[in-house]
Amino acid sequence: MKPVAFAYRAPETLEETLALLEQHGDEATVLAGGQSLVPLLNLRIARPRVVVDVNRVAGLGGFEAGGGALRLGALVRTAAVERDPGVAAGWPGLREAIRHSGHPQIRNRSTVGGSVAHADPASELPAVLVALEATVTLRSTAGARELAAADFFVGPFTTARRPDELVTEVRVGARPGASAFREVARRHGDFALVGVYAGVDLDDGSVGAARIALCGASPVPLRAVDAEHALAGRPLDERAIDDAAEAAAAAVDPWDDLNGPAEYRRDLARVLTRRTLSALAV
């Protein structure tokens with residue numbers, strides 16, 4: 001199929017981009033990597049009157065990884081995050097999650113901002129950002145605002161972004177001592193049936209803090225707070241891991257679909273939480 005007719009705009013400055021979004025509101029959609037938008041256009045699920053291509057906009061490709069902080073501009077390609085040695089050293093679980101996000105050809109084009117704004121509940125990156133307490137920067141002609149990632153994602157494919165706003169940057173401050181990611185998909189590169197990110201800080205063999213989040217098992221990226229609490233102050237041993245896995249399974253809100261009943265995803269949440277934490281215990 002082919003998309004419905006639309007006007008195409010390719011601004012070169014952030015100011016011009018924001019003016020277009022203010023002018024056209026919810027009749028406009030933003031094109032970055034296009035890995036999600038182009039199929040939606042061709043299937044006529046998305047029917048914008050205006051497509052605003054931001055690939056020429058200067059200043060959206062900033063990338064800094066170091067000093068315990070990570071800053072990702074909206075146009076940073078996910079492949080660049082995957083390959084960056086600073087990310088590999090400081091946020092290995094993030095790197096593992098991105099390696100599950102589509103195939104290499106897709107990661108070479110997909111962008112951090114696009115993945116965040118698309119808000120697919122099966123997407124790996126949003127779950128990791130929620131776990132790491134990242135902030136999302138949004139800009140409009142009225143100015144800028146920052147939202148915690150947990151507040152940015154409000155439903156399946158739905159965010160707190162207003163039609164006149166553009167996601168310009170993601171900042172990650174929290175860096176766990178160790179982190180990992182595991183998921184199950186029908187085939188590698190497919191959408192996750194369930195994915196689990198876990199990060200732990202170990203203090204003299206006990207868990208000082210934990211961050212656990214899941215994708216594919218709830219309408220939004222889910223931070224499993226009760227599972228984190230189940231680990232706090234305890235050795236990362238089999239009993240603590242089993243308690244955290246049960247808490248994660250209890251927290252998810254899965255659904256029935258062609259891949260199986262809701263209880264299948266709930267069981268995957270349990271099994272993958274156990275596997276991910278076990279990988280950090282060795």
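The values are calculated or read from the model by the stated rules, or taken from the named source; none is laboratory data. Small disclaimer: the values here were computed from a predicted structure and weren't measured. As a convention, Cβ positions derive from the backbone with ideal geometry for all residues, glycine included, and neighbour counts pool all protein chains shown. Just the protein is used for accessible areas: all its heavy atoms, side chains included, with ligands, DNA and RNA removed. Shrake-Rupley method; radii C 1.70, N 1.55, O 1.52, S 1.80 Å.
See the values below:
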item: Mean separation of Cα contacts under 8 Å, 6 or more apart, over the residue count of the chain: relative contact order %; result: 15
item: Å² of accessible area per residue within the chain, as computed with a 1.4 Å probe and no ligands counted; result: 45
item: Fully extended contour minus Cα-Cα distance, from residue 88 to residue 278, at 0.36 nm per residue; result: 66.4 nm
item: Efficiency of FRET from Cβ geometry, residue 151 and residue 71, R₀ 22 Å, rounded to 0.05; result: 0.70
item: Fraction of accessible area attributable to carbon and sulfur, the stretch 1-123 (%, probe 1.4 Å); result: 51
item: Solution diffusion estimate, µm²/s, Stokes-Einstein, the stretch 54-151, Kirkwood Rh from C-alpha pairs, 10 °C, viscosity 1.306 mPa s; result: 115
item: Heavy-atom accessible surface of the stretch 143-282: percent carbon and sulfur, 1.4 Å; result: 50
item: Cα coordinate range in the chain, projected on the principal axes (Å, largest first); result: 58, 45, 31
item: Potential lengthening between residue 201 and residue 255 on full extension [0.36 nm per residue; Cα-Cα distance subtracted]; result: 16.2 nm
item: On Cα atoms only, tilt of 14-24 relative to the major axis of the chain in degrees; result: 80
item: CD proxy at 222 nm, helix term only [per DSSP H run n ≥ 4: -39500 (n - 2.57); per residue of the chain; nearest 500]; result: -10000 deg cm²/dmol
item: Relative contact order of the stretch 120-184, defined on C-alpha pairs under 8 angstrom at six or more residues apart (%); result: 36
item: Peptides ranked, highest mean first, by Cβ atoms within 10 Å: ranges 243-249, 149-155, 41-47; result: 243-249, 149-155, 41-47
item: Peptide ranges 254-263, 49-58 listed from the most packed, as the mean C-beta count within 10 angstrom indicates; result: 49-58, 254-263
item: Debye log10 I(q)/I(0) for the stretch 114-207, one point scatterer per Cα, at q = 0.16, 0.20 Å⁻¹; result: -0.73, -0.99
item: By average C-beta atoms within 10 angstrom, highest first, the peptides 108-117, 75-84, 205-214, 10-19; result: 108-117, 205-214, 75-84, 10-19
item: Under 17 Å from the residue 141 label point (7 Å along Cα→beta-carbon), backbone N, the stretch 149-166; result: 162-166
